[in-house]
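Visitor: First the structure, which I've put down as structure tokens, then a few questions once you've had a look.
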Amino acid sequence: VRESYYTNTYNIKLSEGGIIEIDLLLSFLKVKYELRSNSNRGILKELKKRKILEDKLIEELTEDYNFLRLLEKNCKLLFYPPTSELPNRGKKLSMLAKFMGIHEDTIIDKYTETKKRVCRNIEKIIKL
């Protein structure tokens, strides 16, 4: 189970629409279009420069990837042991939200909406 109410966490890396899915998509696009960059951000820039994908799609993927990476980085900084797990309630969620400057009531909603948008964009790209 990648996300569970019972464990009080969401997996930022492994969940549907998470970091691993973006990594896989960008690796696929790198091979398909023979891109040179070795980093995900570099691949996104190259896709934009070569006009392989719509600007809006690249902007959304970049924004979502950056948000998920920031969430993961902050979870690893704040919690011991370091983790890619986003708490879904309680003191840890409050601490993370405060650290990131996001209201506690909206951080899970932002995470959920980000993952949904990632999934929608991956579906769009795969249909191209």
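Visitor: To the nearest 500 deg cm²/dmol, what mean residue ellipticity at 222 nm is calculated for the chain from DSSP H runs of n ≥ 4 alone, each contributing -39,500 (n - 2.57), summed and divided by the residues? Write down the numbers at each step before the final one.
Guide: Values: 5 runs with 82 residues, N = 128.
Helix-only estimate at 222 nm: -21500 deg cm²/dmol.
Visitor: Relative to 2.2 N^0.38 Å, what does the C-alpha radius of gyration of segment 48-90 come to as a ratio? Two decimals please.
Guide: Against the empirical 2.2 N^0.38 Å value, I get 1.60 for segment 48-90.
Visitor: Can I ask one more? What helices in the chain pass both tests, a Cα length along the helix axis of 24 Å or more and a mean Kyte hydropathy of -0.5 or higher, using whole DSSP H runs?
Guide: Span-like helices, by this rule, are 55-78.
Visitor: Glu34: accessible area at probe 1.4 Å, nearest 10 Å²?
Guide: Around 150 Å² of this residue is reachable by solvent.
Visitor: Which aspartates and glutamates have a Cα lying under 15 Å from the Cα of Lys76, excluding residues fewer than 8 positions away in the same chain?
Guide: Within reach: Glu85.
Visitor: Which order do you get for Glu72, Glu46 if you rank them by accessible area with a 1.4 Å probe, largest at the top? Kindly include the intermediate steps, with their values, before the conclusion.
Guide: Working: Glu72 5, Glu46 35 Å².
My answer, sorted largest first, is Glu46, Glu72.
Visitor: If you project the alpha carbons of the chain onto their three principal axes, what span does each projection cover, largest first, in Å?
Guide: Per principal axis, max minus min of the Cα coordinates gives 45, 24, 24 Å.
Visitor: Among Ile107, Ile43, Ile52, determine the one that fluctuates most according to a GNM of the chain built with springs between C-alpha atoms less than 10 Å apart.
Guide: Between Ile107, Ile43, Ile52, it is Ile52 that shows the largest mean-square fluctuation.
Visitor: What does segment 27-69 give for Rg and for Dmax, in Å, if only its C-alpha atoms count?
Guide: Just the Cα atoms of segment 27-69 yield Rg and Dmax of 9.8, 27 Å.
Visitor: Identify all lysines with a Cα-Cα distance to Lys56 below 20 Å; exclude those on the same chain that are fewer than 8 residues away in sequence.
Guide: Lys30, Lys45, Lys48, Lys110, Lys115, Lys116, Lys124, Lys127
Visitor: Relative contact order for the chain: what is it in percent, counting Cα pairs under 8 Å that are at least 6 residues apart?
Guide: Relative CO of the chain lands at 30 percent.
The values are calculated or read from the model by the stated rules, or taken from the named source; none is laboratory data. Model, not experiment: these values are computed from the prediction. Accessible surface is based on the protein model in full, side chains and every heavy atom, while ligands, DNA and RNA are left aside. Shrake-Rupley method; radii C 1.70, N 1.55, O 1.52, S 1.80 Å.
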